[in-house]
Amino acid sequence: MLVVTVRDGRIARTLSLRFPAVLLAAVLLVVFGTATVSAAGWQTETVDASGRVGLFTSLALDDAGNPRISYFDDTNGALKYAWRDGSCWHTETADAAGTVGRWSSLALDSAGNPRISYFDETNDDLKFAWRDESGWQTETVAWDGWVGEFTSLALDTAGNPRVSYLDRTYNDLMYAWRNETGWHTERVDAYGILGWYTSLALDSDGNPRITYLVEWTDDLKYAWRNESGWHFEVVDTEGYVGKCSSLVLDAAGNPRVSYFDDTFENKDDLKYAWRDDAGWHNETVDTEGQVGWDTSLALDPAGDPRISYFDDTNNDLKYAWKDAAGWHLEVVDAAGVVGQWTSLALDGAGNPRISYFDTTNGDLKYAAYSPPPPVLETVPGGAAAPADLDGDGLSEDVNGNGRKDFADVTLFFVQMEWIAANMPLSAFDYNGNGRIDFADAARLFTTLGDPVATPIAAAFTANTTTGPAPLAVRFASTSTGPFDDLAWTVSSGREPVATMNGTAPEYTFEAAGAYTVALTARNTSTNRSDTATQSVTVTGPAGANLPYPAAHVLPGRVEAEDYDVSVGSPAYADTTAINEGGAYRFDAVDIEVISGNYDVGWIRSGESLNYSVDTIAPGDFALTLNVANAEAITKPVQVYLDGVPAGEVRVGPTGNWVVFREFAASAPLAIPEGRHVLTIAFEGVEKMNFDWLHLAAIVPTPTVTVVPEAPYPAAHILPATIEAEDFDLGGEGVA
């Protein structure tokens, strides 16, 4: 793996005149502003930890480079919006009318106001939201059938919205636009099952260009419109390609696309395609495991591609960029399962910013890169290399003795010419005027130990503050000011039970009770500090998993996608962290929709699903699975009841991925009264689509005692004459 260390290696140097010492005293009391320099390398932070939030992120930067993010709040089923001013994040709900906000796509108008396209799951509609001086406004764009997933939004030069999206009813690619007469929609492509993972861009004339997946043929396709209508091209047909496409047009209007190659058990790679006068070209960017989910593409000022994406093998957020030497790769965040639903934007200097979902903690996160500071030399007369004591990017400890005092001012003044000639401007331009001069010496002096100018304010967030034991809580400091130490204390009543350090520690509360978590932010050189506290309530241990979306009472049918909700233990086992079908539920289980019907697909060996079922009375039940198996082999699916082997279902060929047949279990299941867990396990088998399971009560066959017929009025001993009216008495037969 190649990891970049410096994206801009140039060091600015400015010569300055030497000032006489007497002049220093005349201006030392003048106060100047302080310039802020970005921290080196990748910096990650939690934006929203108010529940399970941060799915379907979409990022844009305003003209000042401040991030704005739209995303889905899965806890409340709402569309949310976050923005940062300076170093402070703000969040608000844009729409909470039902379950809304999946597949959000954000764009900013010329005034920096947010516009968002998204899916209304409650009504199966495409919606559009915007904010103005009166607050958030929403409207329904399309409502004919099941429409609005996989949205992608762009604004034309007049600020009018254009949206590509999926019509799930017919599995068609759709396009919507608004002008002075209102919203208009049109069907772009309707040949086969297509329109998944759309990505929209507008050319210089405002004409739409769209990339999307053709699920029926597993191809990446490109559609574009001009005055003569829509035109179509196939970008890549090698394998199962086209998921998670992200489209950008270069300065000449040529399309560039990042996407995921999901060829089963073969590739699972990040790919990149571009078109020029010779046609379409593509190349593989990353092959290290299953990589390339949720790609987001941007072009730097030189037109070179930059891509953020999810590494499903290592559960990391990754970043790739290309220059004259080729492709380079690096891990951005590896703290847990992180990096789903990435969205990438570049600031004015070409530095990447990424929004993404932290699956482990259920949080919205943000990563930003700034070039690392250059290595500093020891200033002549100093003890060691200059140091930045408060993390603001400025080296106020000029003599390197570990503190900021008047000796630093003296050394800076004496060696100002040497510093200007040999040191980076960014580390010593204390007043931010673009040069190293006497004004910087004055600024350095006036900020020595000034607690009023830079107070410390301790603050932190927690991804949850209530729940059953064991309760793992992730904390994140949002403290501000010149602190250099963060000390955490967990207390039960007045008794401390744990201490922690760092900006984002995690603590697991093993026992029920009421706890207080305190964070103290301290500057060790000035001994000034501030403390913030929060309460955490821990209840008794969690019970068994819960049926989804409601109890499954037998006899009856349970849809494959309605596996349990994880509470006490995992409700499923899946070999990938991504929902590869992108539908219905947004954990790791792969759910797709074909012709309006959900099924669990992309099944791999080692995966399983748990279903909690309820019986009113004990009995024997016949199990049937409705499964599609496109391969010409029979596949045994294992069945467990409450963790104990209970038989298998042999799934034969069905001829197609969308042709389902019912297959019966090898033996009935004896299920006692009450709630029990049925596990469908794919052990050593794969490549099936699982639609539903059915448990039918087996009614016992009644025992019949056969009573023979009797002669009337007595036995007839042959030879003899029998009167016609002396027919037999009836038994079980008909006399």
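The values are calculated or read from the model by the stated rules, or taken from the named source; none is laboratory data. The structure displayed is predicted, hence computed values, not measured ones. A quick note on method: Cβ atoms are made from the backbone with ideal geometry, for glycine too, and the neighbour counts reach across all protein chains shown. Accessible surface is based on the protein model in full, side chains and every heavy atom, while ligands, DNA and RNA are left aside. Shrake-Rupley method; radii C 1.70, N 1.55, O 1.52, S 1.80 Å.
For segment 338-365, backbone nitrogen atoms closer than 15 Å to the point 7 Å from residue 91 Cα along Cα-to-C-beta are found at 355-365. Taking amide H positions as modeled 1.01 Å from N, with prolines and chain starts lacking one, the residues under 5 Å from residue 149 and 5 or more places away or on another chain are 166, 168. Counting other Cβ atoms within 10 Å, which GluC sites (Glu not before Pro) in segment 311-402 have at most 15 and lie in a DSSP loop? Answer in residue order: 377. You can think of it this way: the chain between residue 43 and residue 277 has 80.3 nm of extra reach, that is 0.36 nm per residue less the Cα-Cα gap.
Pull out a ≥ b ≥ c, the square roots of the eigenvalues of the alpha-carbon gyration tensor of segment 135-194, then state rounded if a/c is under 1.5, prolate if not and a/b is larger than b/c, and oblate in the remaining case.
prolate
Taking the square roots of five times each eigenvalue of the Cα gyration tensor of the chain, the equivalent ellipsoid has semi-axes of 64, 33, 22 Å, listed largest first.
Spacing of the modelled spin labels on residue 664 and residue 384, each 7 Å from Cα toward Cβ, amounts to 7.9 nm. At an R0 of 45 angstrom, the distance between the Cβ atoms of residue 503 and residue 139 translates into a FRET efficiency of 0.65. Sequentially through segment 631-646, phi angles give Karplus couplings (6.51, -1.76, 1.60; θ = phi - 60°) of 8, 8, 9, 8, 10, x, 9, 7, 10, 10, 10, 6, x, 9, x, 10 Hz, Gly and Pro residues having no value and appearing as x. Of the trypsin sites (Lys or Arg not before Pro) found in segment 484-546, those in coil by DSSP whose Cβ has at most 12 other Cβ atoms within 10 Å are 494.
Working note: Debye formula, equal point scatterers on the alpha-carbon atoms of segment 96-135, no solvent; log10 I(q)/I(0) at q = 0.14, 0.24, 0.35 Å⁻¹ is -0.33, -0.78, -1.13. Sequence-distant contacts, meaning Cα pairs under 8 Å at least 6 residues apart, place the relative contact order of the chain at 9 percent.
Taking only alpha carbon atoms, segment 43-91 gives an Rg to Rh ratio of 0.97, where Rh is the Kirkwood radius.
Please go through segment 81-175 and write out the GluC sites (Glu not before Pro) that DSSP classes as loop and that have at most 15 other C-beta atoms within 10 Å.
133
Leaving out ligands, DNA and RNA, and with a 1.4 Å probe, what % of the accessible surface on segment 588-735 is carbon or sulfur? Carbon and sulfur: 59 percent of the exposed surface of segment 588-735. The stretch between residue 190 and residue 723, if pulled fully straight at 0.36 nm per residue, gains 183.5 nm over its current Cα-Cα span. A simple spin-label model places pseudo-atoms 7 Å from Cα toward Cβ; at residue 237 and residue 533 they are separated by 6.9 nm.
Full extension of the segment from residue 225 to residue 160, taken as 0.36 nm per residue of separation minus the current Cα-Cα distance, would add 21.7 nm.
For the pair residue 422 and residue 335, label points projected 7 Å from Cα toward Cβ lie 3.8 nm apart.
Show me the three semi-axes of the equivalent ellipsoid for segment 314-472, from the C-alpha gyration tensor (sqrt of 5 times each eigenvalue), largest first, rounded to whole Å.
Result for segment 314-472: semi-axes of 39, 23, 14 Å.
Entry note, segment 210-249: relative contact order of 42 percent, from Cα contacts under 8 Å with a spacing of 6+ residues. Each residue of segment 622-628 was assigned a 3J(HN,Hα) from its phi angle through the Karplus expression (A = 6.51, B = -1.76, C = 1.60, θ = phi - 60°), giving 8, 9, 10, 10, 9, 9, 10 Hz with x at Gly and Pro. Across segment 494-505, coupling constants 3J(HN,Hα) worked out from phi with the 6.51/-1.76/1.60 Karplus curve, θ = phi - 60°, read 9, 9, x, 10, 6, 10, 9, 9, x, 7, 9, x Hz, and Gly and Pro carry x.
What is segment 597-710's relative contact order, in percent, from Cα pairs under 8 angstrom and six or more apart in sequence?
Worked out over segment 597-710, it gives 42 percent.
Computed from the Kirkwood radius of its Cα pairs, the Stokes-Einstein diffusion coefficient for segment 523-636 at 20 °C and 1.002 mPa s stands at 121 µm²/s. Using the Cβ-Cβ distance between residue 132 and residue 487 with R0 set to 51 Å, the FRET efficiency works out to roughly 0.70. Both the radius of gyration and Dmax for segment 39-173 are 15.0, 50 Å, in that order, over alpha-carbon atoms.
Sorted on the mean count of surrounding Cβ atoms within 10 Å across their residues, most packed first, peptides 378-390, 55-67 read 55-67, 378-390.
Go ahead and estimate [θ] at 222 nm for the chain from helices alone: -39,500 (n - 2.57) per DSSP H run with n ≥ 4, summed, over the residue count, rounded to 500.
-1000 deg cm²/dmol
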